[in-house]
Amino acid sequence: MDALITQLPVGLAIGAVLLLAALGLNFTFGQMGVINMAHGEFIMIGAYTAYVLHAWIGVNPAYSLIVALPVAFAVTGTLGWLLELGLIRHFYGRPLDTLLLTFGIGMILQQAARDTFGAPNVDVPAPPWLTEGITLGDIRIHYARLFILTLALTAVAAIAYYLNRSRQGRQMRAVIHNRDLAAVTGINTRRVDATTFFIGSGLAGIAGVALTLTGPTGPTLGTNYIVDAFLVVVIGGLGQLRGTVIAAFALGMLNATVEAWTDASLAKLIAFTAIVALLQARPQGLFTVKTRALT
Amino acid sequence: MTTTAPALLTRLRGPLTFLALIAAALLLLPLLLEPFRLNLFAQYLCYAIVALGISLAWGRGGMLTLGHGVFFGLGAYAMGMHLTLASTAADPLNTTGLPQFMVWSGLTELPWFWKPFTHPATAIAAAVLVPGAAAALLGWSVFRQRVRGAYFAILNQALAAAFVIFLIGQQHLTGGTNGLTNFPVFAGHSLYSPTAQTTLYTITVLTLAAIYLLFRHVNNSRYGKLLIAIRDAEDRVRYLGYNPTWAKTLAYALSAMAAGIGGALFVPIMGIISPSLIGVIPSIMMVLAVAIGGRYSLAGAATGAVLINAAETTFAETFASGWIYLQGALFVLVIALAPHGLAGLTRQAATALTRPRTRTTPPAPQDTTTGSPA
């Protein structure tokens with residue numbers, strides 16, 4: 001129990017990053033059936049965007065983080081939009097092929113980062129107002145972790161607002177539920193797909209900026225998170241928010257606590273076994289979108 | 001009567017090519033290639049065995065296995081554990097009877113799951129059965145719940161990631177990042193001698209041929225047809241009264257066993273097995289090889305594995321960065337333009353060459369013999 005409490009901030013922070021990474025995946029997967037393996041590289045590009053702003057352009061570290069968030073969102077969002085436009089839209093309905101295709105894109109992006117920034121990790125200094133922390137009893141809470149958590153929750157709130165209140169978001173939900181019916185009612189599904197891809201990839205960029213607060217940035221940054229982010233999607237269930245939020249924090253806490261009382265190497269195997277066991281009870285993930293479409 | 005001889009030749013062309021290839025591999029290559037090159041080629045053939053398995057699971061059964069490195073690794077580690085123990089026992093300087101890395105990690109006794117591997121027969125059996133059992137267990141538990149497609153691929157990848165982290169973390173049991181290496185002795189013979197390497201090469205060629213024939217038989221059987229049906233419309237197959245769970249589990253387990261055999265042969269040839277050879281990236285490279293060669297064709301998949309690994313050794317050292325770009329581009333190009341891979345391209349080329357030119361001249365009525373290959 002002690003481990004659970006002391007590891008709470010760590011687990012929540014890991015969960016928050018996974019949540020940011022998985023939000024985008026969930027909607028591109030749920031809506032278009034596309035497995036975007038380059039999503040991890042978008043995270044990496046988001047992190048390098050923060051680095052470029054700080055080290056190349058020389059934005060003051062006190063507020064470079066705040067500047068980096070929208071810039072990274074725009075950069076990776078645009079990349080994702082281009083990827084959808086140029087390549088992925090020709091492969092709708094072939095999920096396994098898009099998986100391999102985007103993995104190839106990911107390899108190219110990763111090597112491009114290695115050639116541009118060098119193989120060694122780089123550091124993006126945290127703004128001074130995030131380097132401190134507070135202590136509550138046994139728990140040490142870094143402001144940086146708190147910031148990541150706030151960021152993730154804000155993103156969830158924004159997405160929830162978008163899905164439920166805005167016209168475009170409702171169109172997106174309609175497409176997730178039944179693409180053909182949505183098209184028949186006059187929704188431009190092509191445009192909805194492109195928008196979803198833009199937002200999903202942009203969120204990866206934000207996750208990347210958040211990751212610069214937790215550690216060094218390197219070309220393989222995204223690869224370390226992408227497998228877990230996909231697992232969040234698998235556990236949470238496709239096309240809705242609730243499951244993704246619960247699954248992200250559950251996986252984050254599981255990783256943090258199991259690491260605390262055994263060691264990291266067993267944590268992953270235990271998590272994997274737990275996930276396969278969970279799929280026995282709920283093969284579609286925790287929550288499912290009820291649809292009458294034939295699968 | 002005049003068409004009998006060409007017809008017979010057409011029918012025998014496949015088997016004859018197959019025998020010619022094996023004869024060339026067994027008799028010609030050991031003479032032509034220097035021992036170092038022959039050793040490299042034997043490594044590629046091990047990957048070709050894995051590719052046969054992936055072709056069965058992915059091309060036939062539609063199960064994209066992004067974690068075949070795990071099964072390759074299980075086979076490889078089974079063999080590596082035996083080789084480590086055999087070489088430790090043969091080492092006069094080692095008085096503890098424990099592998100070096102265990103001594104350094106402070107172990108005083110051999111862990112229980114290492115003990116059966118002192119005997120070569122158990123090691124070889126484990127190299128086949130452990131991957132098969134692991135795949136059967138995972139396959140059955142997810143296919144039963146109709147978890148398939150991308151979900152299955154992601155689970156496979158997660159397994160590969162978890163397996164590698166486990167191997168690295170449990171250094172005192174598995175040798176950690178360094179893996180298992182430095183085993184000069186197998187069954188009382190030196191592994192480094194040219195004769196031993198040629199023998200290993202011969203065994204690998206024959207195993208590859210045997211697994212090819214077996215999987216070809218599987219593909220042409222009723223069961224192979226059932227797999228195609230499941231790949232293309234699993235629910236319809238279920239409505240017809242078949243149980244797809246068993247069919248898929250069997251194909252997945254067979255595929256994992258092939259990977260295990262490939263791994264077990266790979267270790268004495270390569271002389272090392274380490275986590276970096278079996279993780280997420282190596283696993284996906286095995287799939288890339290099959291995609292390039294042609295996922296629907298066993299021969300294509302095996303050829304793809306040999307080609308991509310040969311290209312890797314040639315290019316990776318001279319211009320590493322360019323090679324990665326090329327690999328990424330190959331992924332995109334093959335999936336986008338040639339989903340049937342090289343096998344599909346050669347078939348297209350063959351039909352284009354042999355087909356009468358219907359576009360310029362009207363088809364010659366009933367005279368099919370003029371279309372024979374030039």
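The values are calculated or read from the model by the stated rules, or taken from the named source; none is laboratory data. Only a predicted model underlies this, so the values are computations on that prediction, with no experimental measurement involved. Glycine gets a Cβ as well: all are built from the backbone with ideal geometry, and neighbour counts include every protein chain shown. Just the protein is used for accessible areas: all its heavy atoms, side chains included, with ligands, DNA and RNA removed. Shrake-Rupley method; radii C 1.70, N 1.55, O 1.52, S 1.80 Å.
Scanning region B:296-331 for residues that are more than 10 Å from chain A (Cβ to nearest Cβ) and either more than 22 Å from the chain's Cα centre (by Cα) or not in a helix (DSSP H, G or I) (or both) turns up B:Y296, B:S297, B:E317, B:T318, B:F319. Filtered by the rule that a residue be within 13 Å of chain A (Cβ to nearest Cβ) and either of a type in the set (S, T, N, Q) or touching an Asp or Glu at 6+ places or on another chain (Cβ under 7 Å) (or both), region B:114-147 gives B:S141, B:Q145. Entry remark, region A:203-238: residues being crowded, with 24+ Cβ neighbours inside 10 Å and either among the small types (G, A, S) or without any contact (Cβ under 8 Å) to a residue 24 or more places away in the chain (or both) number 8 in total.
What helices (runs of 4 or more DSSP H), lying completely within region A:180-271, carry at least 1 residues that are within 21 Å of A:L83 (Cα to Cα) and more than 14 Å from chain B (Cβ to nearest Cβ)? Hits in region A:180-271: A:189-211, A:221-236. Taking region A:49-82 as the range and being within 24 Å of A:L99 (Cβ to Cβ) and open to solvent by less than 20 Å² (accessible area, probe 1.4 Å) as the test, the residues that pass are A:T76, A:G77, A:G80.
Scanning region A:89-118 for residues that are at pLDDT 85 or above and outside any helix (DSSP H, G or I) yields a single hit, A:G118. Per the conditions (1) at pLDDT 90 or above; (2) more than 27 Å from A:Q168 (Cα to Cα); (3) of a type outside the set (S, T, N, Q); (4) touching an Asp or Glu at 6+ places or on another chain (Cβ under 8 Å), the sole criterion not satisfied by A:L18 is (2). For region A:189-200, the criterion of being open to solvent by less than 50 Å² (accessible area, probe 1.4 Å) and within 27 Å of B:Q171 (Cα to Cα) is satisfied by no residue at all.
Taking the conditions exactly as written (among the polar types (S, T, N, Q), in contact with a Leu (Cβ under 6 Å, 6 or more places away or on another chain) and either surrounded by 24 or more Cβ atoms within 10 Å (Cβ to Cβ) or at the interface with chain A (Cβ under 7 Å from one of its Cβ atoms) (or both)), does B:Q157 satisfy them or not? Yes: the conditions hold for B:Q157.
Residues checked against (1) within 26 Å of B:A253 (Cα to Cα); (2) among the charged types (D, E, K, R); (3) not in a helix (DSSP H, G or I):
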{"position": "B:N94", "(1), (2), (3)": "no, no, yes"}
{"position": "B:F113", "(1), (2), (3)": "yes, no, no"}
{"position": "B:V142", "(1), (2), (3)": "yes, no, no"}
{"position": "B:R148", "(1), (2), (3)": "yes, yes, yes"}
{"position": "B:N156", "(1), (2), (3)": "yes, no, no"}
{"position": "B:A160", "(1), (2), (3)": "yes, no, no"}
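A residue that is over 20 Å from B:L64 (Cα atoms) and not aliphatic (A, V, I, L, M) can be found somewhere in region B:120-132.
Of the residues that sit in region A:84-95 and are in contact (Cβ under 8 Å) with a residue 60 or more places away in the chain and at negative phi, which one is most open to solvent (accessible area, probe 1.4 Å)?
Applying the filter and picking the extreme gives A:R89.
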